[in-house]
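Okay, so here's the structure we're looking at.
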Amino acid sequence: MLTIYNSLTQKKETFTPLEKNKVKIYVCGPTVYDFAHIGNARTYAAFDVVIRYLRWRGFDVTYVRNITDIDDKIIKRANENKEDFTAVVNRFTQAIHEDFSALGLLEPNHEPTATGYIPNMLRMIEKLIASDHAYVASNGDVYYNVRHCKHYGELSHRDIEQLESGARVEINDVKRDPLDFVLWKLAKPGEPHWSSPWGEGRPGWHIECSAMSTDLLGDHFDIHGGGKDLIFPHHENEIAQSEAATGKKFVNTWMHAGYLQMDKEKMSKSLGNFLTIRDLLAKHKPEVLRFFLITKHYRSPLQYSEEIIQQSENALTRFYTALRDLPKADAPNDSEFEKKFIEAMDDDFNAPIAFAVLFDLAHEIQRLREKDIQAAAKLGALLKKLGGVLAILQDDPEKFLQSGTLDIDAKKIEALIQARNDARARKDWAEADKIRKSLAEMSVVLEDGSGKTTWKVDKS
Ligand code: AMP
Ligand code: ZN
């Protein structure tokens, strides 16, 4: 039985998809005007684990993640660079794809773009105007009429009056109500624009996700997700528009990932306290970064620091040390470890507990290794299988352990080890010892096994 915390009801609920064994999930995608930062990566890695786990549990998952390819920030960046907005969009879409793929994030089944969905958005806006859920303001822009929406505030758990008191009232505001939000805005000179019944313009941000998700997944679907910052106003507005336009319930389960924080503050472009995925991939192995992003519970805040990344590296080193030098074997069919792993992940994707199970497994492998290598090998196969569910531990253990730093020269190390073995064969202990010391200076630790010397990088 799988339970998922639903932000809408603020409870863990038994998950029952609308259609048996099928899951339809929409995750709000990136706005492509710059490189993605590791805060963005946190949210997408969280959903990557959700989707991988659901598939592993036998669900047929349709995963949609859009690309916001028109927006104020994109236009601003294009103007600064004196280039067309599509050039900015293409460049960063490609960069984000590369970064996501390096982190092992699955490609979505559909990756719609906002500009590819203008006709759908126009149809939805027309419906909203016809039913008085939207209006054309005196400046020609189209707004959603929040006062007309009975459930407004149900996701962010605030009532309309409370939200109202916090809303920013702008001078010369053309809105009927400060909470009303724009569905279509008329283009200013020089801005990208599309034709509409209300004049040349472009869509607001919220309407794009309603149009894309309902088109690709149906008016009513299972899961909608994003980072916590999207609860209000983005997701609240999506519910309001979609339900008003379709007359149906929009989404059953709302899932939100916690913030990645730096010095206790949310990492964000606007605060300027951000590190891009690329910054970190230049210093760390992709698997280390992925591990760091997924080991905490997806709803908890995740602190970034170099020390914590180093801890992730150490943890993976422990796992790969357990996996090295094991004979081929099949994972046991029925294992307490696997049961506990499933129990943890079934409980709202409780990764910290699932990882604790994997650590126990690694410990048990090391304990058994000397006594019963076959039993250890079976558990090794299980560790690799369960790691595979989370898309970690699939590398060759030797390769992982030998590449402690990204610029380590494996060939040089192998040559030194060979020279040391030759020295030992000649019984030239002084030379052998000298070589061991110079390897130690490179943080390379040797382990002389039966007939073979293995090595790893240990910076601790
Ligand atoms: P954006 O490109 O700004 O629309 O953000 C893309 C996704 O990243 C959204 O789901 C955000 O909620 C999420 N996000 C942005 N900053 C953070 C952060 N510091 N921690 C976790 N998720 C974040
Ligand atoms: Zn969205």
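Scan the range 92-115 residue by residue and report those that are assigned to a helix (DSSP H, G or I) and in contact (Cβ under 8 Å) with a residue 40 or more places away in the chain.
Pass one, the range 92-115, residues assigned to a helix (DSSP H, G or I): 92-102, 114-115.
Selection gives PHE92, THR93, ALA95, ILE96, ASP99, PHE100, ALA102, ALA114, THR115.
Determine, yes or no, whether GLY58 is open to solvent by 10 Å² or more (accessible area, probe 1.4 Å) and more than 16 Å from ligand 1 (Cβ to nearest atom).
Judged against the criteria, GLY58 is a match.
Quick one: is PRO203 within 16 Å of ligand 1 (Cβ to nearest atom) and touching a Phe, Trp or Tyr at 6+ places or on another chain (Cβ under 7 Å)?
In short, yes.
This table checks each residue for (1) closer than 21 Å to SER101 by Cβ; (2) open to solvent by less than 30 Å² (accessible area, probe 1.4 Å); (3) touching a residue at least 60 places away in the same chain (Cβ under 8 Å); (4) not assigned by TED's automatic domain parsing to the domain that holds ALA344.
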position	(1), (2), (3), (4)
LEU280	yes, yes, yes, yes
LYS283	yes, no, yes, yes
ARG290	yes, yes, yes, yes
LEU293	yes, yes, yes, yes
PRO301	no, no, no, yes
ILE308	no, no, no, yes
LEU316	yes, yes, yes, yes
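Somewhere in the range 260-278, is a residue surrounded by 19 or more Cβ atoms within 10 Å (Cβ to Cβ), of a type outside the set (Lys, Arg) and part of a helix (DSSP H, G or I)?
Yes; the residues of the range 260-278 include at least one that is surrounded by 19 or more Cβ atoms within 10 Å (Cβ to Cβ), of a type outside the set (Lys, Arg) and part of a helix (DSSP H, G or I).
If LEU368 meets every condition in (1) assigned to a helix (DSSP H, G or I); (2) closer than 30 Å to TYR5 by Cα apart from one, which number is that one?
Against the list (1) assigned to a helix (DSSP H, G or I); (2) closer than 30 Å to TYR5 by Cα, LEU368 comes up short only on (2).
Considering every residue within the range 218-238, establish whether at least one is open to solvent by less than 20 Å² (accessible area, probe 1.4 Å), more than 13 Å from ligand 1 (Cβ to nearest atom), modelled with pLDDT of 95 or more and under 20 Å from the mean Cα position of the chain (by Cα).
Checked against the condition, which is being open to solvent by less than 20 Å² (accessible area, probe 1.4 Å), more than 13 Å from ligand 1 (Cβ to nearest atom), modelled with pLDDT of 95 or more and under 20 Å from the mean Cα position of the chain (by Cα), the range 218-238 yields at least one hit.
How many residues does the range 40-72 hold that are more than 16 Å from ligand 2 (Cβ to nearest atom) and of a type outside the set (Val, Ile, Thr)?
13
Only one of (1) assigned to a strand (DSSP E or B); (2) away from ligand 2 (no atom under 16 Å from the Cβ); (3) buried (at least 20 other Cβ atoms within 10 Å of the Cβ) is not met by TYR26, so which one is it?
Against the list (1) assigned to a strand (DSSP E or B); (2) away from ligand 2 (no atom under 16 Å from the Cβ); (3) buried (at least 20 other Cβ atoms within 10 Å of the Cβ), TYR26 comes up short only on (2).
The values are calculated or read from the model by the stated rules, or taken from the named source; none is laboratory data. The structure presented is a predicted model; accordingly, all values stated were derived computationally and were not measured. All Cβ positions, even for glycine, are placed from backbone atoms using ideal geometry, and neighbour counts span all protein chains on display. To get the accessible areas, we keep the full protein, side chains included, count just its heavy atoms, and leave off ligands, DNA and RNA. Shrake-Rupley method; radii C 1.70, N 1.55, O 1.52, S 1.80 Å.
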